[in-house]
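So the structure is just underneath, and the comments pick up after that.
The values are calculated or read from the model by the stated rules, or taken from the named source; none is laboratory data. These numbers come from a predicted model, not from an experiment. A quick note on method: Cβ atoms are made from the backbone with ideal geometry, for glycine too, and the neighbour counts reach across all protein chains shown.
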Amino acid sequence: MIGDTTAHRFAAIDPDVRLMLQVRDDDAGAFEELVARYQDRLIAVLEHLVRGRDQAEDLAQEVFLRVFRARKRYRPGARFSTWLFTIANNVASNALRRRRRRKEVDATTVVGGEDRQGSLDEMATAASGLMPARQLDQLERAEMVQAAVESLNERQRMALLLAKFEGLSYEEISQVMELSPQAVKSLLSRARRNLKEWLEPYIEAGRDPAAPPTASPAGSESEC
């Protein structure tokens, strides 16, 4: 059980915790404010997890509904964003399990808006340690970055999104994903390594990472 001292500490340093405490007291305006603050951020993370804008919006509504239903039981033991994305992780994981059971194939590629895609570009290049060697076409770049992030497994993708989009610490991500901080650090390290391996041929040479290497023409200098 969370003690009063811990609850007061988080309420003092996190304005969103204070808003949630008002929601607990049935303040509808406070709930609307929290939705306004987190809706776009939540949809962005969910969209990259479930790979579909419409489903991400539906799941975000489910997350906020769970938040509202849990308001009377709310006891602040972490930042509000950590608690919110813990719920979001559970909702997304359940949705993905249902999808796998139905053996559905989601072939929709979501590129997203320019501002959010810019964040994703920065996230992928920063995480992989690679920088483009040439100016890339916006759509081309967006498709490659989207594909690179989607190449990660579910857990690596969630950890990376929380770290880069939300700025959560290892400790906070560990609470969201129910892992140790060391396990989160290892997960992020593998995610960055996999991003680098996936993006390297494209960023360095402009070659589609999924495409086979181009054979050298007969009689070229490479045969020496």
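What to note about this one:
- Subset of the stretch 166-200 (residues that are over 23 Å from residue 47 (Cβ atoms), surrounded by 17 or more Cβ atoms within 10 Å (Cβ to Cβ) and among the small types (Gly, Ala, Ser)): 174
- Test result for residue 163, out of contact with any Cys (no Cβ under 8 Å at 6 or more places or on another chain), at pLDDT 60 or above, part of a helix (DSSP H, G or I) and closer than 15 Å to residue 41 by Cα: yes
- Pair list, Cβ < 6 Å and 6+ apart or interchain, from the stretch 75-89 residues that are in contact (Cβ under 8 Å) with a residue 40 or more places away in the chain to residues that are assigned to a loop (DSSP other than H, G, I, E, B): 75/2; 77/2; 79/14; 80/14
Rundown of residues vs (1) in contact with a strand residue (DSSP E or B) (Cβ under 9 Å, 6 or more places away or on another chain); (2) closer than 26 Å to residue 143 by Cβ; (3) at pLDDT 90 or above; (4) of a type in the set (Gly, Ala, Ser), yes/no style:
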| residue | (1), (2), (3), (4) |
| --- | --- |
| 2 | no, no, no, no |
| 11 | no, no, no, yes |
| 18 | no, no, yes, no |
| 25 | no, no, yes, no |
| 30 | no, no, yes, yes |
| 100 | no, yes, no, no |
| 103 | no, yes, no, no |
